[in-house]
Amino acid sequence: MNYRIDNDQIYMTLAKGELINKTLELYAKSNEIGCAWINGIGAIEDPEIGYYSLEKKSYNKKVFSGYYELTSLIGNITIKEGESFSHTHITFSDIKYQIFGGHLFDAKITAAGEFVIIQGNKNIKRKMNAEIGLPLWCLEKIF
Amino acid sequence: MNYRIDNDQIYMTLAKGELINKTLELYAKSNEIGCAWINGIGAIEDPEIGYYSLEKKSYNKKVFSGYYELTSLIGNITIKEGESFSHTHITFSDIKYQIFGGHLFDAKITAAGEFVIIQGNKNIKRKMNAEIGLPLWCLEKIF
Amino acid sequence: MNYRIDNDQIYMTLAKGELINKTLELYAKSNEIGCAWINGIGAIEDPEIGYYSLEKKSYNKKVFSGYYELTSLIGNITIKEGESFSHTHITFSDIKYQIFGGHLFDAKITAAGEFVIIQGNKNIKRKMNAEIGLPLWCLEKIF
């Protein structure tokens, strides 16, 4: 992965074979990033994605074997159990231009992998929500 | 809804049962936000979405009953008829990881609902465009 | 196309009939923009999209005739062969709310066309990568 820091923006390009969430998290941990918003596009291989079942309080998972255009990656970096955590959702297209997607466990870059991370100034912590079964953002101000 | 203001960024997390556009608009009206860009991910229920017909100058509408991953929400807050207005488009995935989407009328959060609002400094007003049938952005500079 | 510059953000609205990438690139060239992140939504006509084949080192291309909601446009402006270059991926929905997408060659705006460009401070150059067959971002720092 190569990158450039540009004020509160970090531009990143991942190389063929690098995992998206793993790389984002390793970078975030190394640099103590606890609050950021992420966007990305590129091309990916074998994405493992999920659909959350509120009833079962767990993810259905599927690996989509093959090569896809990464049409959208949107997500964020926050702090889960004391460490930087990358939560991203994606859509991707196959050779027929059909789109699939969901919660991203991880996916390997195959060609371009172009990302921007826009940093916030103060960490966002996640805390397990028993009703939902997921660690949700803790933000103090209530509206 | 809980939130945190971080310079020109506002991080928001919506609770289970809260409507996305309604909540964004109520917050924007309360805080006199007239120009902002929005991104979001999460999980939603019963989204009502639209496809605009230029011929009829109106939206075809459909409610997708059930639970979905919110794979992308992209949009903006501007001023329509003197009030903050949230214009957002979404894609969402079902249990088979198929994706649907369009113009978002509104959707309820079911699990996570994670949003960032990046504010501009000066309001953008919308004005009805008779040819299109929609209130479009008014920006002074022409290219 | 009409626009407004708001610190490092540029808000743009494209008129009916204007091509997205062509307009973004002409604006970027005129204003010497060499690093920016892009988001957009709106409604489009006859998008020409691509799916990259690593094996053939070229894009499969298809024009989707007709009118679609632009559910997501994500991409960036960088420098390719000395000139501003717009690299964008899109998803779009048809009248049945089905989604298609991929690498965007170009698409015409039909109704709204609402974009934000967030500028970086220093150009990103692309350089042809022989293994991939595409001009990829050159960023100095290695992680």
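For beta carbons closer than 7 Å, sequence separation of 6+ or different chains, a first residue in segment A:125-142 that is under 19 Å from residue A:88 (Cα atoms) and a second that is open to solvent by less than 100 Å² (accessible area, probe 1.4 Å) and acidic (Asp, Glu), the qualifying pairs are A:137/B:114. Looking at segment B:3-30, which of its residues are within 9 Å of chain A (Cβ to nearest Cβ), at pLDDT 95 or above and open to solvent by 10 Å² or more (accessible area, probe 1.4 Å)? Selection gives B:3, B:4, B:5, B:13, B:15, B:16, B:23, B:26, B:30.
For segment A:69-90, the criterion of being part of a loop (DSSP other than H, G, I, E, B), farther than 24 Å from residue C:120 by Cβ, among the acidic types (Asp, Glu) and at the interface with another protein chain (Cβ under 9 Å from one of its Cβ atoms) is met by no residue. Evaluated against (1) outside any strand (DSSP E or B); (2) modelled with pLDDT of 95 or more; (3) surrounded by fewer than 17 Cβ atoms within 10 Å (Cβ to Cβ), residue B:60 falls short on exactly one condition, (1).
Consider segment A:31-51 and keep the residues that are more than 20 Å from residue B:111 (Cβ to Cβ), of a type in the set (A, V, I, L, M) and in a strand (DSSP E or B). The one that is farthest from the other protein chains (Cβ to nearest Cβ) is A:44. Taken together, A:113, A:102 contain a single residue that is surrounded by 22 or more Cβ atoms within 10 Å (Cβ to Cβ) and either β-branched (Val, Ile, Thr) or within 9 Å of chain B (Cβ to nearest Cβ) (or both), which is A:102.
If I filter segment B:80-89 for residues that are basic (Lys, Arg), within 25 Å of residue C:16 (Cα to Cα) and either modelled with pLDDT of 95 or more or open to solvent by 10 Å² or more (accessible area, probe 1.4 Å) (or both), do I get at least one hit? For segment B:80-89, residues basic (Lys, Arg), within 25 Å of residue C:16 (Cα to Cα) and either modelled with pLDDT of 95 or more or open to solvent by 10 Å² or more (accessible area, probe 1.4 Å) (or both): present.
Look at segment A:31-50 and say how many of its residues are buried (at least 24 other Cβ atoms within 10 Å of the Cβ) and among the polar types (S, T, N, Q). Adding up the residues that qualify gives 1.
Of all residues in segment A:56-86, count the ones that are touching a strand residue (DSSP E or B) at 6+ places or on another chain (Cβ under 9 Å) and more than 30 Å from residue B:5 (Cα to Cα). Residues flagged as touching a strand residue (DSSP E or B) at 6+ places or on another chain (Cβ under 9 Å) and more than 30 Å from residue B:5 (Cα to Cα) within segment A:56-86 amount to 14.
Screening residue A:86 with (1) closer than 28 Å to residue C:49 by Cα; (2) among the hydroxyl-bearing types (Ser, Thr, Tyr); (3) in contact with a Leu (Cβ under 9 Å, 6 or more places away or on another chain) gives one miss only, at (1).
As a summary of the residue check, residue B:96 satisfies the conditions (1) surrounded by fewer than 24 Cβ atoms within 10 Å (Cβ to Cβ); (2) within 12 Å of chain C (Cβ to nearest Cβ); (3) modelled with pLDDT of 95 or more except for the one numbered (2). Scanning segment B:116-137 for residues that are in a strand (DSSP E or B) and within 8 Å of another protein chain (Cβ to nearest Cβ) gives B:116, B:118, B:134, B:136, B:137.
The values are calculated or read from the model by the stated rules, or taken from the named source; none is laboratory data. Just so you know, these numbers come straight off a predicted model, no measurement behind them. Using ideal geometry, Cβ is built from the backbone for each residue, glycine included, and neighbour counts are taken over all protein chains shown. For accessibility, only protein heavy atoms count, side chains too; no ligands or nucleic acids. Shrake-Rupley method; radii C 1.70, N 1.55, O 1.52, S 1.80 Å.
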